[in-house]
């Protein structure tokens, strides 16, 4: 099992690249079945979801779709700030569109809760959520429960495969979880 150190924390490999590929394929198959005769708009939440989104979009079968990006933030370090900040707002018209939000991880659901309300307010026909990781025990907003989940996890802080630690380590090909914290 591989381990890495980041900012004094030790992380161990937890979800392998092979398992991630299986998870992406399973989510893509579900979306492909549900949206076969539709033309969904994928709204990719930057920065974290770009890795999952690229793999997911390429794995779709028989789905004609568009892709756009939005950048929001509610985290600093390992903690949520509780406030959603729109850094790069949506540039695409969503009125009467079937929208699929693509996230790297859903935990409390704050981001998804606010994004769904925002997209519905812009006239989206439907809003679904696809996420690489989901922490069901942390969910605080019922309407934020994702429709498509790659992997359910518990309450560990995780990095890699798009997930960052203060902007770094998104490029890791596996998901790592905290093994131990720095001495105080």
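If residue 147 meets every condition in (1) within 21 Å of residue 101 (Cβ to Cβ); (2) crowded, with 20+ Cβ neighbours inside 10 Å apart from one, which number is that one?
(2)
Kindly check whether there is at least one residue in region 25-44 that is in contact with a helix residue (DSSP H, G or I) (Cβ under 9 Å, 6 or more places away or on another chain), assigned to a loop (DSSP other than H, G, I, E, B) and at pLDDT 95 or above.
yes
Residue by residue, here is whether (1) surrounded by 14 or more Cβ atoms within 10 Å (Cβ to Cβ); (2) farther than 23 Å from residue 166 by Cα; (3) more than 12 Å from the chain's Cα centre (by Cα) holds:
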position	(1), (2), (3)
14	yes, no, yes
18	no, yes, yes
23	yes, yes, yes
37	no, yes, yes
47	yes, no, no
54	yes, no, no
58	no, yes, yes
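The values are calculated or read from the model by the stated rules, or taken from the named source; none is laboratory data. All figures in this text were calculated on a predicted structure; none of them were measured in a lab. Ideal geometry is used to build each Cβ from the backbone, glycine not excepted, and the neighbour counts take in all protein chains shown.
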